[in-house]
Every structure is written in C-alpha cells, then in structure tokens.
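See below for the structure under consideration.
The values are calculated or read from the model by the stated rules, or taken from the named source; none is laboratory data. Not measured: the values here are computed from a predicted model. Quick reminder, even Gly has a Cβ in these numbers, built from the backbone with ideal geometry, and neighbours come from all protein chains shown.
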Amino acid sequence: MNKSFGVFSVVLFLSIILGSANASTLTSNATVDNQLRIYLSTDDSVQGVYMGDHSQMDNWFVLSTYTSNLVTGVDYYLHVWGIDIYGPSGFIGEFSLDSSDHTFVNGSTTLLTNTTDWKGNTTGWGTPYDTTLDDYGPNSTTTTWTSFGGVQGLTDHSAHWIWAGGGPIGDPSSDNAYFSTQISATTVPVPGAIWLFGSGLIGLIGFRRKSQQ
C-alpha cells in the first residue's frame, strides 16, 4: 500500500511540475503615431486574434499595454497595424515574455522595435514584406518625437521609431503600415505523455495488488 501510494505521488508530482510550464505570457507596451491595432496569430498570412488597440489620435505619446497567454509548443506571429492620420508616421514599443518557453526572433525573451527583427509593408500580412523598414532612430534621440517630449512609459529608450512604405516621415502614401515579428516555441508539451505514463504505472500497481490477493 505504501509503495503504491509512493509511486502514485511521484507520478502526480511530475505531472504537476511538467504540466505547470504550459504557457508564456506576452506583454506588449507599444504606441503608434496615431493609431495602433495589435493581434496574435499562428500564421503570418492571417491577421490573428485581436489583443487591443490604441485609437486616441492625440495620445500617441503614451504607451498602451496588451497581454496574451501563449500555449507551449506553439509558434506565433505578433501583428501590429499602424495607422497615421497626419504628420509623422511611427511605431515604437517594447515586448517581453515571462518565461523561456518562447523566445522572440532575436533569441531573447525581450524585444524592442527595430528594423532587424521586424518585417513590414503597406499592404497587409502574408504578402511580400519590404526589404527594409524606415528607421527614424531611438526614442531618446529622434528629434521628430523628442521635440514633443518623447514617449512616456518606455523602460528602454533605445527602442526605435519605425515605419513601412519607403517614404519620408509623414508621407501620405504610407498612412497604413503592417508589422510582423515571430515568437518561437522552445518547449515541447509533455503533460499528455506523463499522464499516459502515470496511468500505465497505476494500472500495473492495481494489477500487482490484485494478483497478490
């Protein structure tokens, strides 16, 4: 009886420990001059699940926060749709994962806006992305936005203002920009296998006890 309970306890403990590492939480702090809509997708050609928006045209200088839970073993794409109303066009933000179950395209659990780790265009997701994005520099030195006091809430001011379209700041032909970056799973889900293994052990224990009666 004690041996059976001991084996069961070990199996249950392993199941709980391995099953608890079943997700990362993605936190996005971002803004667009002027409007932002953010989505999480498992396919780069599909817009994805709506996470939130920042639509206050005159409040672009304040970061908005969006969170979403990721599933272990699943790869994602973070999609940002930026809409400029007039004047300067720009997207800036910082993004983080609370566990190493997933990593951003830079191999880290943190990511800033830049022209290396993000793709973008003016036509939508899943279509050919621009070879290069427009880089307007970091929040700390970009005169276009620092002259307005910069963005409030950034913890890392080396995040760059970026845009898509290949035109100058405020080019009316690039009023809409679509950005994408990949989030890759690093952990393979195992709870199902552990429970199957545990069930087998429990079955063997039950069979042994019955045969001893």
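Just a few scattered comments:
- Filtered residues of the stretch 73-96 (kept if within 14 Å of the chain's Cα centre (by Cα) and more than 21 Å from V46 (Cβ to Cβ)): G93, E94, S96
- Pairs linking a residue in the stretch 105-132 that is free of Cβ contacts under 8 Å to residues at least 60 places away in the same chain and in a loop (DSSP other than H, G, I, E, B) to a residue that is of a type in the set (F, W, Y) and surrounded by fewer than 20 Cβ atoms within 10 Å (Cβ to Cβ), with Cβ atoms under 6 Å and 6 or more positions apart or on different chains, do not occur.
- Of the residues making up the stretch 55-91, those that are surrounded by fewer than 18 Cβ atoms within 10 Å (Cβ to Cβ), farther than 14 Å from T25 by Cβ and among the hydroxyl-bearing types (S, T, Y) are S55, Y86.
- For beta carbons closer than 8 Å, sequence separation of 6+ or different chains, a first residue in the stretch 74-98 that is outside the structural domain of G150 (by TED's automatic domain parsing) and a second that is among the acidic types (D, E), there are no qualifying pairs.
- Whichever residue in the stretch 31-47 is at pLDDT below 95 and assigned to a strand (DSSP E or B) and, among such residues, is nearest to G93 (Cα to Cα): T31
- Scoring W118 on the criteria (1) of a type outside the set (D, E); (2) under 24 Å from A185 (Cβ atoms); (3) surrounded by fewer than 21 Cβ atoms within 10 Å (Cβ to Cβ); (4) out of contact with any Gly (no Cβ under 9 Å at 6 or more places or on another chain) leaves a single failure, condition (3).
- Every condition in (1) among the β-branched types (V, I, T); (2) touching a Gly at 6+ places or on another chain (Cβ under 8 Å); (3) under 19 Å from V151 (Cβ atoms) is met by I85 except one, and the failing one is (2).
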